[in-house]
Amino acid sequence: MQATHHLAAAEADDHPPLDGGDNVLATLQVDLDEQLRFAPGRLVLSERALWARLDGGPWQRHGLSPGMSLRHHDHAGVGTLSLVDEAPGSARLTATWRFTLGANVQALRLVKRFEQVQAAHARGVVPEGDDPTRCPSCRALLPPDSDECVVCSREHNEPPSTWVLLRLGRFARPYRKELIGGFMLTLASTGATLVPPYLTIPLMDEVLIPFQNGQSIDRGYVMLLLSGLLGAGLLAWALGWARTWLLALVSERIAADLRVTAFEHLLGLSLDYFGAKRTGDLMARIGSETDRISVFLSLHALDFATDVLLLVMTSVILFSINPWLALVTLIPLPFIGWMIHRVRDRLRTGFEKIDRVWGDVTNVLADTIPGIRVVKAFAQESREANRFRDANQANLAVNDRLNKTWSLFTPTVTLLTDIGLLVVWAFGIWQVSRGEITVGVLTAFLAYIGRFYGRLDSMSRIVSVTQKAAAGAKRIFDILDHVSNVPEPAQPVPAGQLQGGVRLDGIGFRYGNRSVIRGLELDIRPGEMIGLVGHSGSGKSTLVNLICRFYDVTDGRILVDGTDIRRFAVADYRRHIGLVLQEPFLFFGTVAENIAYGKPGATRDEIVAAARAAHAHEFILRLPQGYDSLVGERGQGLSGGERQRISIARALLIDPKILILDEATSAVDTETEKEIQKALDNLVQGRTTIAIAHRLSTLRKADRLVVMDRGEIVEVGPHDELMARQGAYWRLYEAQARKAEADGKDHDAVLIAHALPQPSAHDVVSQ
């Protein structure tokens, strides 16, 4: 179903002339005409017909009948809806509408609704019309200018609950003994802090007040009481230090385990997950969120446990001394609890928003710093500074809104505790005046109440840090809960020594709703070199991604040496694949470490041998420290050809049985290409090689060329044979040759123009 305003427009002055009793069920706004030019249009599905209006023209009605279907397909960024009347014995195309893929989701919904209508008609049921302001699934009101239901998408945007912190229990399980020990220390230290106020009762009633009435002081008894106060204080200090040190160690280890687990799980996810995430956001989750959880566990969770124990134990002591005075002490408690409940909901949503906007801030950094050369080349420093300033301002605004709530909450709790203390003073004085309690009891009560209200105020402040930790835990568990689209097999087959034979058995693949590969069949013999050619978007890179198992096929299967690659353990299978990309990625480290990335235990002799075979040894020796020279981030400081030859050496070192070359020479000059081509000639020896290249001349050594178009194989054969056919490959080759010839003529014309004598200023003026 399209957005609310679209349906509203369809039902207002821009609506089809519906028959009596007919209702609108769904609508779609299309934006292309038959010549693929931009033109506004609209499709409206009713209970009895499919209506179409293009570029302000009249409405066209296509009545629904049994056997009629609405087919959807897309290619090269253009979606198509075809209305087909599949009458018995024939199939007739009734109408076709085209649109850009921005409307693809709505188009799929329209197709689904169309199928529901046809199924309802087949059962003799007339479907009910949709309310354009409500979700068709849950009937909840849709937000203005949106077709996304808030209720249905709540599972993705639901604010974090503090219960998510309980999921950290599985990371705390290995430290059960330490946690139990920490709890016992907390219990003992809390008990020790409650001894001094109790000792004030005999100090007041049996020492100070009798002394004011003229009695002498028993020095031994006073020393005993003071020793008790000192001993309790020292014991509480020692137990508190041991408790804090032990639980801090445990919390750091829990956070470290959580960080490692999240990163390892992230590495195991398929590429489509990373395509939908920002680098800065993932860095913030694994970095700052785990730090926040560590602080919560080491400090605030410990304080919270101490506060709860102190409140419980203090309440028991207060009720044992005087139940009525204890009840008066608890008067502010319901009001504080109500405030905590109200504020907690705002904090839940607020801290999640803070995490999101902070992720936007780190995203700007993650985009700009690695791409600083492009930023400076296009003089866009001010633009990136403005992006960072805007993201930082959004972060500031969200924090300001949350601080507005928090700044009111904290003083209010303090005010309530002060009022409670005043009430206790008044009620206590009244009881002393009636002789129901002594001054010593009231003094002890006030000492306990000071601790009681202090801990109550501390607990109210912990609400903030708890919600922060819950928001961080939710973002981390969002990663841990994500299941890879490239799963490990339950009982993996050992890859062993692969020969490299690859068979594509009717494979198909879709990126979301877009079909990229369809019904592809191909046999590649062990040791054979295959060249993949075709226009951009024909599916070449997708095919090699499927062979590498970066994605899993949606139809068919890929067999290597007769075994479905989904039966191999992912890491075990990929050890047999060497990959050389158009843009080689080098890590920060030495040249030797980059070459040995796929085989960390390689000896220096093996690294040098791989570099020699990749024609990289000579330029490596010219570096300041040779193989121990540091390579900057992403290979800064090396030319494109040098980075490419290091990546070839990296692939050579692991000695793969299947080699993937994805545009390995397209980003370098002709001389560098020759050097790289020599390295590639060494690399492909004895390996099954699948090479993609835009320069068709670089694939003439391939045993067979595979020509792809729109996700399908249209031609297969050697270069000479395909040229003789004068088919798709011949057209590609001729077009590329004509372009090269035209570029050469333009280049020669420029050279001739520069070689000719230039007219002087006097000649120009004379003319």
Other-chain or far-sequence residues with amide H under 5 Å of T94's (modelled H): L83, V84, D85
Cα gyration tensor category, rounded, prolate or oblate, for the range 407-559 with a/c compared to 1.5: prolate
Accessible area in the full protein assembly, largest first, 1.4 Å probe, for K739, K353: K739, K353
Given K353/K404; K599/K657; K376/K739; K540/K657; K657/K701; K657/K678, the pairs whose alpha carbons are separated by over 23 Å: K376/K739
Within the range 521-625, chymotrypsin sites (Phe, Trp or Tyr not before Pro) in DSSP loop having at most 12 other beta-carbon neighbours inside 10 Å: F585, F587
Percent accessible area from carbon and sulfur atoms, the range 180-336, protein chains only, probe 1.4 Å: 72
Listed peptides 479-485, 326-332 by packing density, highest first (mean Cβ within 10 Å): 326-332, 479-485
Anisotropy class of the range 463-525 from Cα gyration tensor, a/c 1.5 cut: oblate
Long-range HN-HN contacts of G500 with modeled amide H, under 5 Å: D561
Heavy-atom accessible surface of the range 483-584: percent carbon and sulfur, 1.4 Å: 47
Relative packing of 380-392, 247-259, which averages over residues the other C-beta atoms within 10 Å, highest first: 247-259, 380-392
Separation between Cα centres of the range 532-581 and the range 682-738, rounded to whole Å: 19
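The values are calculated or read from the model by the stated rules, or taken from the named source; none is laboratory data. None of the values given here were measured: they were computed from a predicted structure. As a convention, Cβ positions derive from the backbone with ideal geometry for all residues, glycine included, and neighbour counts pool all protein chains shown. Heads up: the accessible areas ignore ligands, DNA and RNA and are worked out on the full protein's heavy atoms, side chains in. Shrake-Rupley method; radii C 1.70, N 1.55, O 1.52, S 1.80 Å.
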